[in-house]
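Heads up, the thing below is written out as structure tokens.
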Amino acid sequence: MNNIKFEYLKDPEVFQINRLNAHSDHIYYTPYMKYEDLRILQNGNFKFFYAKNLNEVKQDFYKEGFDDKDWDLIKVPGHIQLLGYGNPQYVNTMYPWDGIEDIKPPNIPSEFNPVGLYAYEFDLPKGFQKDAAFICFEGVESAFYLWLNGEFIGYSEDTFTPSEFDLSSFIKEKGNRLCIMVVRFSSGSWLEDQDFFRFSGIFRDVYLYTTPKIHIYDMFVKPEVLEDLKKAELKCEFEIVNKENLNGFIYFKLYDENNTLIKVSEKLKVSKNVTLNASLDNINLWNAEIPYLYKLIVEICDDKGETIEIVEQKIGFRRFEMKDKLMLLNGKRIVFKGVNRHEFNARYGRNISKEDILWDIKCMKKNNINAVRTSHYPNQKELYSLCDEYGIYVIDEANIETHGTWSFIKDLKYENIVPCDNEVWKGAVIDRGNSMVQRDKNHPSILIWSCGNESFGGKVLYDLSNFYRNTDNSRLVHYEGVANDRRYNDTSDMESRMYLKPQHIKEYLENNPEKPYISCEYAHSMGNACGNLEKYTKLADEYSMYQGGFIWDFIDQAIYNKDPNGEEYLATGGDFFDRPNDAYFCGNGLVFADRKESPKMKEVKFAYRDVEIFCDENYITIINKNNWLNTDKYEFHFELLENGLIIKKGKFLLDLNPQSRKTLDLPCAIPDKNCEYILTVSMCLKEDEIWEKAGYELSFGQGVVKKAVFKEIVEKSSNVICGNENIGFKMKNSSCLYFKPIGKLNSIKSNNKEFILSEIKPDFWRAPIDNDLGNKNTYKWAKWKIASLYAFKTKEKLEDSKLYVTYDLNIDKQIQCEFLYEFMYENKFSLTFTLENSGELIDMPAFGFSFEMPSFFSNVKWYGRGPFETYQDRKHGAKIGIYENKVADNYTDYLNPQECGNKTDLRFIEITDNEGSGLRIFSEDLFECSVLPYTSHEIESAHHKNNLPKQSKTVVHVCKKKCGVGGDDAWGAPVHPEYLVNLEGKMSFKVYFEVN
Ligand code: GAL
Ligand code: MG
């Protein structure tokens, strides 16, 4: 080949040239060479030239003698756009070139299509024969050409599955020059319109590999569990490459978890295709609760009995089937407590490390997550082995998404949708499915193959689903997109939907459904979100055909960037001057991009718990919802709190079978005092697990077992000093000042220390959360922001030490707002805040007041839910107790700065300085409060955290109630009615301040 055949790029029917057939990713070695010697990582620095588009490509760059002396060096693997060339671009449904170049599928942009030319020299590795030298690229985005020593080797598309080539014809002992041309956009890009950062380049590992003379090229292990769930037929199908037609034998040995040999198969003569069978009794089954794995060792010997190759594969016996409209694993209905997960790292994009993968898996196990959907492409292969080992169910998803070819399009026509019924795409679509299945098929954790995401419906995906079924009958097939096109409803074995609200899921389940239901995406967790999660998880108790769902999503996709002051921050779409872009929409994670768990994760952990614990005045009830695990694996801890302080604790063990419940008496007597008593029972690991140490809590239940009766505070009044413009209230060791012209309390003083930086005022505002923007709450609520900023006093009235202040909120004449202060001699005062609405019901972000304190009041202590932030619709994962932290700890770093740090179910809160002076705020009724270093308006105006002011104050926002965060989706779903702050009639709220 002389000229580079650019035409491959836009031909959907050319998605590979000379690429080796996809095959299983098993480990193999010989008596003389380890796996690592047979497969040699080529990661490192490659010569690099960045061309803005194909026109700038040096067409002879791959030829022998080409001088690449002036080229740069680039790190492999990595995304070109994170290594100094061009910009990452974040777009959701639109294609990256939307509004930039007008192209229709399968064409590619001509101006905006960066190309990376890579060159790299190597010698034939030690132990390699020239006639058995291959190369494997685990992931290249989105298409590449390959040359060795000036000769064309091949071409490949599909960013997320391996591309392997045989280098044998052109390889030399020394001084090989490998050239790779990576093109950012190809026809394949039409199939890669996932909602993620768009990059290009060689971003996963590259290996040179060789194979023994007789080599297992592909292996399909089929551990078929029989109906009695005790016996199994192990069937192993091999495809063997034996170029020299040597004589040889193949057999396998099977070891259990203790490394005890339990089976040796027959020995068969080596031929191209061989199947070995074995029958087994009393097998241990694999499931996510008890991920029992066996080790299979396959050996090929020559006719003298010398070992030629050994293959090692962990296998799991499990039976997954659709029976009576239910998905059953080993005969039991399972419920997916799942998450969607993009591969992401805040510095390296989708070039994530093995440590990242392990961290993610451990994080899932620690938070009771039992399933992952590899949204929306096959992941690095390490993930699947870890899911086998740690016990996580997997939906493995093919790299197919064509969202922008059919959404936001008027006059949608089947012929314009990719792939729909258009046969030109069929080859590429099936190829993507095939590459995934062949690589991943030996992993017991994968229960379901997915046809991709958001690619509409149609015949081609239906064909893909049948391809899966015909290739592998041990799994089911998933595809959500049939909801758009019911012509091919059978594409999906289960009814899978995204973002259906709980009531709509119920409707489906109550109307004689044909298929069990899962939400492949739900509880869109953008920013401060994830409310009302339990409304979904409870469905699993009510409807057997509800089999769980996958939260959107596991980790924020955000990338470290530097602002003009050199400060690092986590950047989203648009921050890289990427246009067009979808701004913050890439951040929907339960885990922040720096791999810190967000407060949302706590709610997930609670909602996904497998053992439920309830405490009331009389009993503890424990429900074991596991299918296979007895609770004797755990240790239970109890704690009795008296007014928030632990007065008793202990431990007990419980032998409770899966799928059963038990009621226990309270473990201790409750004292007869006027105090609040709270009992907490936690379930913790008894022994170390590979993912966490003994003692780690997995579930808890808490109940107020006895309430305290609130004693009305009747105290002597304070002294009052009526000045011209001020009214002073003198208490025993403290004083307050009310400034008439502004109509607000602007001083609280004790021991010559001033507590107030900015006066106490009605405050109904919260910095908009992403959901508030999506559902237009912000637009609807805007008047409450104005009221919070600009409310002014209309009158005041003093009666002894009682001060009444009325404010005009300028919202509606029908809304009256009044503060009533009562000052008491014993360094206390109360504030009763009344709102009265004589008009129609309206709702607001929060019913409360706020003030600022000097920043040396930097300590917070509270009795309520904690230690992390909670909201009315997201507080179940937080225990009631007494907690302490620093003001700055209360800021949660959502990508888009927004409302955060709230505390619910408060009995009291204290804000103090390091000498112990400060305010204690308490109330007869539970209340809410946040204490932050910023005002809601400052938070709202900041684009990212780095735009916030330096810490110079303590902002206290005390509320009777704050609106919930919402939890269904971020593009319109309202906060559920019970979590709104509704104003109808008269509403009032009384809190006490104690000045110390
Ligand atoms: C879904 C989609 C995801 C993501 C999410 C919004 O429609 O499948 O990839 O875009 O919405 O964050
Ligand atoms: Mg999409």
**Complete:** Only unsatisfied item for residue 503, checking (1) part of a helix (DSSP H, G or I); (2) crowded, with 18+ Cβ neighbours inside 10 Å, is (2)
**Prompt:** So, of the residues in region 778-814 that are out of contact with any Asp or Glu (no Cβ under 7 Å at 6 or more places or on another chain) and among the β-branched types (Val, Ile, Thr), which turns out to be nearest to residue 739 (Cα to Cα)?
**Reply:** 786
**Prompt:** Can you name every residue in region 585-606 that is open to solvent by 20 Å² or more (accessible area, probe 1.4 Å) and of a type in the set (A, V, I, L, M, F, W, C)?
**Reply:** 585, 592, 606
**Message:** With the structure loaded, tell me whether residue 733 is in contact (Cβ under 8 Å) with a residue 24 or more places away in the chain, in contact with a strand residue (DSSP E or B) (Cβ under 7 Å, 6 or more places away or on another chain) and surrounded by fewer than 15 Cβ atoms within 10 Å (Cβ to Cβ) or whether it fails that test.
**Reply:** yes
**Message:** I need every pair where a residue in region 96-110 that is closer than 19 Å to residue 6 by Cβ and aliphatic (A, V, I, L, M) has its Cβ under 6 Å from the Cβ of a residue that is outside any loop (DSSP other than H, G, I, E, B) and open to solvent by 30 Å² or more (accessible area, probe 1.4 Å), sequence separation at least 6 or different chains.
**Reply:** 108/10
**Item:** Any pair with Cβ under 7 angstrom, 6 or more apart, that starts in region 346-372 at a residue that is open to solvent by 10 Å² or more (accessible area, probe 1.4 Å) and ends at one that is part of a helix (DSSP H, G or I)
**Value:** 348/82; 354/382; 358/386; 365/390; 368/605
**Item:** Set 760, 721, 769, 742: member being among the β-branched types (Val, Ile, Thr), out of contact with any Leu (no Cβ under 7 Å at 6 or more places or on another chain) and surrounded by 16 or more Cβ atoms within 10 Å (Cβ to Cβ)
**Value:** 769
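Yes/no matrix, rows are residues, columns are (1) open to solvent by less than 30 Å² (accessible area, probe 1.4 Å); (2) closer than 30 Å to residue 796 by Cβ; (3) outside any loop (DSSP other than H, G, I, E, B):
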residue	(1), (2), (3)
823	yes, yes, yes
831	yes, yes, yes
843	yes, yes, yes
851	yes, yes, yes
856	no, no, no
862	yes, no, yes
869	yes, no, no
876	no, no, no
895	yes, no, no
**Request:** Considering only residues that are aromatic (Phe, Trp, Tyr) and under 19 Å from residue 373 (Cα atoms), look in region 454-509 and name the one that is farthest from ligand 2 (Cβ to nearest atom).
**Result:** 468
**Item:** strands (runs of 3 or more DSSP E) contained in region 525-616 and holding at least 2 residues among the aliphatic types (A, V, I, L, M)
**Value:** 568-571, 611-615
**Request:** Check whether at least one residue in region 352-372 is within 16 Å of ligand 2 (Cβ to nearest atom), within 19 Å of residue 605 (Cα to Cα) and not in a strand (DSSP E or B), and report yes or no.
**Result:** no
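Can you give me the ranges of the strands (runs of 3 or more DSSP E) entirely in region 160-275 with at least 2 residues that are more than 29 Å from residue 287 (Cβ to Cβ) and either open to solvent by 20 Å² or more (accessible area, probe 1.4 Å) or more than 16 Å from ligand 2 (Cβ to nearest atom) (or both)?
The qualifying strands (runs of 3 or more DSSP E) are 163-166, 176-183, 206-209, 214-225, 232-242, 248-255.
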**Prompt:** For region 76-102, how many residues are under 17 Å from residue 575 (Cβ atoms) and away from ligand 2 (no atom under 16 Å from the Cβ)?
**Reply:** 7
**Request:** Taking residue 305 as meeting all but one of (1) under 29 Å from the mean Cα position of the chain (by Cα); (2) surrounded by fewer than 19 Cβ atoms within 10 Å (Cβ to Cβ); (3) part of a loop (DSSP other than H, G, I, E, B), write down the number of the exception.
**Result:** (1)
**Asked** Can you find even one residue in region 672-687 that is touching a residue at least 40 places away in the same chain (Cβ under 8 Å), open to solvent by less than 30 Å² (accessible area, probe 1.4 Å) and closer than 20 Å to residue 756 by Cα?
**Response** no
**Prompt:** In this structure, is residue 385 part of a helix (DSSP H, G or I), out of contact with any strand residue (DSSP E or B) (no Cβ under 6 Å at 6 or more places or on another chain), open to solvent by less than 10 Å² (accessible area, probe 1.4 Å) and not β-branched (Val, Ile, Thr)?
**Reply:** no
**Complete set of residues in region 28-39 that are open to solvent by 50 Å² or more (accessible area, probe 1.4 Å) and either in contact with a Ser or Thr (Cβ under 7 Å, 6 or more places away or on another chain) or part of a loop (DSSP other than H, G, I, E, B) (or both)** = 31, 32, 34
**Prompt:** Quick check: is even one residue across region 598-608 closer than 29 Å to residue 81 by Cβ and within 16 Å of ligand 2 (Cβ to nearest atom)?
**Reply:** no
**Request:** Please state which one of 381, 413, 362 is away from ligand 1 (no atom under 16 Å from the Cβ), over 23 Å from residue 551 (Cα atoms) and of a type outside the set (A, V, I, L, M, F, W, C).
**Result:** 413
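The values are calculated or read from the model by the stated rules, or taken from the named source; none is laboratory data. Nothing here was measured: the structure is a model prediction, and the numbers come from that model. In this analysis, Cβ positions are derived from the backbone assuming ideal geometry, glycine residues included, and neighbour counts consider all displayed protein chains. Protein only, heavy atoms only, side chains kept; ligands, DNA and RNA dropped before computing areas. Shrake-Rupley method; radii C 1.70, N 1.55, O 1.52, S 1.80 Å.
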